[in-house]
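A.B. asks: Handing you this structure, nothing more for now.
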Amino acid sequence: LVLPFHLAPGTSAELYVQVKSAGEPLLVPFAVLEGKALQSSITFAWMLHSLFLGVFGALFIYNLFVLSLLRSRLHLYYVLFLPITYLAIAGGSGFGPAALYPDNTWLGNEGTVVFSGISLLMNILILRELLQIQTNRRLERWLKIFIIGAIIIGISPFLWSWRFAYSLIMV
């Protein structure tokens, strides 16, 4: 959000900003910049996020190709992991609500927690396949506990308040 205001040189003003929360954590960075510095900052942030999106997109397409050749469960989990993780990161950084889904508040709020939970689940499943943990009963039992935890995180916005869902994802 950009609030333009003009001050004559040598003058001062008091600015008041009101921020409300319905229980979810808020990060409210605030900076007063000149017009050129503000535009430069916005352009750099968009370029950085666009580069990040490009890298995730390239990884997704490449691994989708590898999945079509190898048809392994590991690559399936990784192909699912990439877009879900990108949506979780984009939602948390503010790029998702600003650029990818500006008219969808659910994706910007609860979606971030859901995507983070699913991303954690995919990460655990990738670990399980990569290390072949199924052969070790003790480690397999622990991973099942973590899988249940990831599922609980993923569905928490549907069951509890925003505050509890975000607290759960932080834990």
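A.B. asks: Of the accessible area of the chain, with the probe set at 1.4 angstrom, what percent is carbon plus sulfur?
C.D. replies: 67 percent
A.B. asks: Could you identify which residue out of Gln39, Gln132, Gln18 has the top mean-square fluctuation in a GNM of the chain using Cα springs shorter than 10 Å?
C.D. replies: Between Gln39, Gln132, Gln18, it is Gln18 that shows the largest mean-square fluctuation.
A.B. asks: Keeping every protein chain present and rolling a 1.4 Å probe, give me the accessible area per residue for region 71-154 in Å².
C.D. replies: 56 Å²
A.B. asks: To continue, here is another question. Once every Cα of the chain carries one equal point scatterer and solvent is ignored, give the base-10 log of I(q)/I(0) from the Debye formula at q = 0.11 Å⁻¹, two decimals.
C.D. replies: Debye intensities relative to I(0), on a log10 scale: -0.63.
A.B. asks: A further question on this structure: How much mean residue ellipticity at 222 nm does the chain get from its helices, if each DSSP H run of length 4 or more adds -39500 (n - 2.57) and you divide by all residues, to the nearest 500 deg cm²/dmol?
C.D. replies: Using -39500 (n - 2.57) per qualifying helix, the result is -23000 deg cm²/dmol.
A.B. asks: Oh, and also: Starting from region 67-171, pick out the trypsin sites (Lys or Arg not before Pro) whose DSSP state is loop and whose Cβ has at most 15 other Cβ atoms within 10 Å.
C.D. replies: Arg71
A.B. asks: Oh, and also: Could you give the dipole magnitude of the chain about its Cα centre, charging the beta-carbon of Lys and Arg +1 and that of Asp and Glu -1, in debye to the nearest 20?
C.D. replies: 800 debye
The values are calculated or read from the model by the stated rules, or taken from the named source; none is laboratory data. Since this is a predicted model, take the numbers as computed values, not measurements. Neighbour counts are summed over all protein chains in view; Cβ atoms, including those assigned to glycine, are modelled from backbone coordinates with ideal geometry. Only protein heavy atoms, including side chains, enter the accessible area calculation; ligands, DNA and RNA are left aside. Shrake-Rupley method; radii C 1.70, N 1.55, O 1.52, S 1.80 Å.
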